[in-house]
Amino acid sequence: MSSKDYRIKKIEIIPIKIELNDPFVISAGAISHAMNTVVIIHTSGGVYGTGECSRYRSIYAETQTGLVDAGKLIGQSLIGKDVTALRSCIRLMDKTFAGYSSIKSAFDMALYDINAKLCGVPLYRFLGGDRDKEMHTDMTISLLNKKAMVKKAREYAKQGFPALKIKLGDRPAEKDIERIAAIRKAVGDKMPLRVDANQGWNYYEATKALNGLAEYGVEHCEAPIPAQNFIDLRKLNAESPIPIMGDESVYNHHDAYRMLVEDCMMQINIKLGKSGGICHAMKIAAIAQAAGVYCQVGCFSETRLAITALAHFTMAWDNIVYFDMDSPLMQTIDPVKGGLKYSKDWQVTVTDKPGHGAEFDSRFLKKFEGVVIK
Ligand SMILES: [Mg+2]
C-alpha cells in the first residue's frame, strides 16, 4: 500500500434505533430505545473502520439529529486526510467542534479500528494491551420501586452476574437506603453492590444516603450530586464512608486532572462517549494511574460494537478494575457481527482479528437512512 491508500475517501453516518427489553430508568429520566449513531470511515485503499455512539439527552445534552449534523461537519473536515495521522485527525475533530464528545467517539473508534487493521493486529495490541486482563461485566438495575428492584436483583443473581450496579438518586434518601437494604437481603452478603445516583441527591441527601448505605457493603457510589458542584463533591469525598466515583463530572482528561487535584473523587468512570473516544480516554486512564486511582469503564446504550471497542481499550490499562459493559444485554436485538463475547459467568472476551473485530449487519443498517460524505 502507498501513502495515497491511507486517505479518507468516504464516510457514512447512520442514525439507528433499537428497542430496549425494559425501559431504562435513572434519576435523570427514562429511555425506551437506544438512539445510536454509526460512523463508517472508508480509505482509498479499501480498508474501513466502524464506530458507534449513543446519545443520552439528559446527560450529554445531545440529540441524535444534532449528532448526525455535527458528524457531517466533522466528516467534511476529515475527507482526504491521512488516517494513519491519528492524533492529527483527533485534533482536527476537536477544532471543528467544541463538545459533541459522543459523535467524536464514534469517529475516533472507526479511526482506531482502521489503524489496527492496517497494522494487522487486534485493537488491544495496537493500544499496548494484553490478554492477561480478565473482565466480567456487572449488570445494572433501573431506578424503580423497591419491590421491582429486588425482583431484578434476584433474577440477575440467578443468572450469575458477578456484581450488581444499582441506580439510585431518589429523594428522600431513606427510600434509597431501604432499596439497598432489601436488595442486600435478597442476594446475600457476597454479591458486590455498586450504586449510581446520577446526580440525583444534593449534599445533604447524599450524606444521609451514603452513611445509611455503608452497612450494606456498597463498593462505590457514582455521581452522588450535580456534576458541576465540585465544592460539595470535595467535602463529600472527604467524609463519605463509601468511595465516590466520578462519572458525569469527568468527561475528559482535563476534568480528570481537575477532579483529582481537587480531591473530589477516589475513582473515575471512563466512557468513550464522554471522553470523545479512545485517544482522550487513554489520557484519563494515564492521569488516574499516576494518581493511584482505580477506574471503571461504563456505557450508555451502545450496542456490542462500541462495547467491543471499549473492551479492547480496557485491556490496555491495569488500573481499570470495574467493568460496566452491560448495555448490549438490555437490547431486544443484537445487530453486530463478530466482536466481543459474553461467557456464562459474564466474562467479556474479544477476538484476535485485526481492528476491533466487530461490524454491523448490513441488512440491519439498510433499514435506516444515513448520510454519505465524499
Ligand atoms: Mg454513572
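Just so you know, all these numbers are worked out from the coordinates, no wet-lab data involved. Model, not experiment: these values are computed from the prediction. Heads up, the Cβs are rebuilt from the backbone with ideal geometry, glycines too, and the neighbour counts pull from every protein chain shown.
What to note about this one:
- Listed residue (204, 148, 260) projecting farthest to the positive dipole end of region 125-355, Cβ model: 148
- Lys, Arg +1 and Asp, Glu -1 on Cβ, resulting dipole of the chain about Cα centre, debye, nearest 20: 900
- Exposure proxy for 293, 321: other Cβ atoms within 10 Å of each Cβ, ordered fewest to most, give 321, 293.
- Per-peptide average of other Cβ atoms within 10 Å, ordering 135-143, 103-111, 174-182, 231-239 highest first: 103-111, 135-143, 174-182, 231-239
- From the alpha carbon centroid of region 355-374 to that of region 232-249 is 40 Å.
- Under 17 Å from residue 374, Cα to Cα: lysines that are on another chain or at least 8 residues apart: 4, 9, 10, 72, 81
- Exposure proxy order (Cβ contacts within 10 Å, fewest to most) of 210, 305: 210, 305
- Here's the picture: charge each Lys and Arg Cβ at +1 and each Asp and Glu Cβ at -1 in the chain, and of 315, 238, 227 the one pushed furthest to the positive end of that dipole is 315.
- Between 0 and 90 degrees, the angle of helix 146-158 with respect to the longest Cα principal axis of the chain falls at about 60 degrees.
- Calculated on alpha-carbon atoms, Rg and Dmax of region 184-288 in Å: 14.0, 42
- Each helix, a run of at least 4 DSSP H residues, gives -39500 (n - 2.57); summed and divided by the residues of the chain, these come to -11500 deg cm²/dmol at 222 nm.
- Nearest-ten-degree value, helix 101-119 long axis tilted from longest Cα axis of the chain: 50
- DSSP-defined antiparallel bridges as percent of all bridges, the chain, nearest 5: 60
- Annotation for region 29-71 versus region 140-166: alpha-carbon center distance of 29 Å.
- Order by protection proxy (mean Cβ within 10 Å, highest first), peptides 264-275, 245-256: 264-275, 245-256
- Distance from the Cα centroid of region 187-201 to that of region 284-307 is 18 Å (rounded to whole angstrom).
- Share of pairwise Cα separations in region 134-242, more than 16 Å, in percent: 54
- Extent along the principal axes, Cα only, for the chain: 63, 40, 40 Å, with the longest axis given first.
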